[in-house]
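The values are calculated or read from the model by the stated rules, or taken from the named source; none is laboratory data. These figures come from a predicted structure and were not determined experimentally. We place every Cβ from the backbone using ideal geometry, glycine too, and count neighbours over all the protein chains shown.
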Amino acid sequence: MKWRGTSLLGDEVGLADGSTVVMDSGSAVNVDFSVNLRRLQLVKGEIYIETAPDKVGWKRSFVVDTLEGRVQALGTRFSVSQHENRTQVAVFQDAVEIQPADAMTVKQTLRAGQQAQFSANHIEPIHRHSQEKPAWTQGFIVADDLPLSEFLLQLSRYRPGYITCDPEIADLRIIGSYPLKDTDRILAFLEANLPVKLLHPLPFWVKVLPR
């Protein structure tokens, strides 16, 4: 079974075991519940999960697989995001266990208020966070010293069409919390406060250029 996040602020899906998955816009996930395992495969994008006790008579593990490895829930609320060559995990309640695809890499446990990224053979240092849920589930995009190119890539999930960023300004840093209900206003704010300008060569195509 496969689901894809289609709305601009994500879709909420109830699973057969009582767990809930919220998918960020443009995300895709495969669901595979077997006799022994509750498994999600994150194909792209980001998901937020609230796990429930298994309804069957035995306890099946709940896992999320990505290109880089596996995240196992330990009775928890958490998010998993698929990026290029890396997976990011944030825990909001209880804990998860990260196992990179390379079995020689030591597993690591993340607890509530912690987040980390991992590749197929390495887990990055753990960092703290103070969110109750991912910002996008509440209609915001949050940037904490984020490169402009990465910020625009995230913003493009929540509006039709394309946003492109000139390499000359790609490393400008973005800080702040921005409501996603009006992405045109976010772009206008960037143009007013950064040395950038917006160009609309075609409908649904925004080019962000040096000013």
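Taking the range 164-205 only, how many residues are under 13 Å from residue 149 (Cα atoms), assigned to a strand (DSSP E or B) and touching a residue at least 40 places away in the same chain (Cβ under 8 Å)?
Going through the range 164-205 one residue at a time, the tally reaches 3.
In the range 137-157, how many residues are surrounded by 12 or more Cβ atoms within 10 Å (Cβ to Cβ), over 19 Å from residue 84 (Cα atoms) and either out of contact with any Pro (no Cβ under 7 Å at 6 or more places or on another chain) or hydrophobic (A, V, I, L, M, F, W, C) (or both)?
5
Can you tell me which residues in the range 114-136 are under 13 Å from the mean Cα position of the chain (by Cα) and surrounded by fewer than 18 Cβ atoms within 10 Å (Cβ to Cβ)?
Scanning the range 114-136 gives 133, 135.
Name the residue, out of 139, 113, that is in contact with a Lys or Arg (Cβ under 8 Å, 6 or more places away or on another chain) and at pLDDT below 95.
Exactly one of 139, 113 is in contact with a Lys or Arg (Cβ under 8 Å, 6 or more places away or on another chain) and at pLDDT below 95, namely 139.
Starting from residues that are of a type in the set (Asp, Glu) and not in a strand (DSSP E or B), keep the ones in the range 94-113 and report whichever is surrounded by the most Cβ atoms within 10 Å (Cβ to Cβ).
Start the filter on the range 94-113 by keeping residues that are of a type in the set (Asp, Glu), which leaves 94, 97, 102.
Now restrict to residues that are not in a strand (DSSP E or B): 94, 102.
Values: 94: 15, 102: 12.
Selected residue: 94.
Please work out which one of (1) in a loop (DSSP other than H, G, I, E, B); (2) hydrophobic (A, V, I, L, M, F, W, C); (3) surrounded by 18 or more Cβ atoms within 10 Å (Cβ to Cβ) is the condition residue 91 fails and give its number.
(1)
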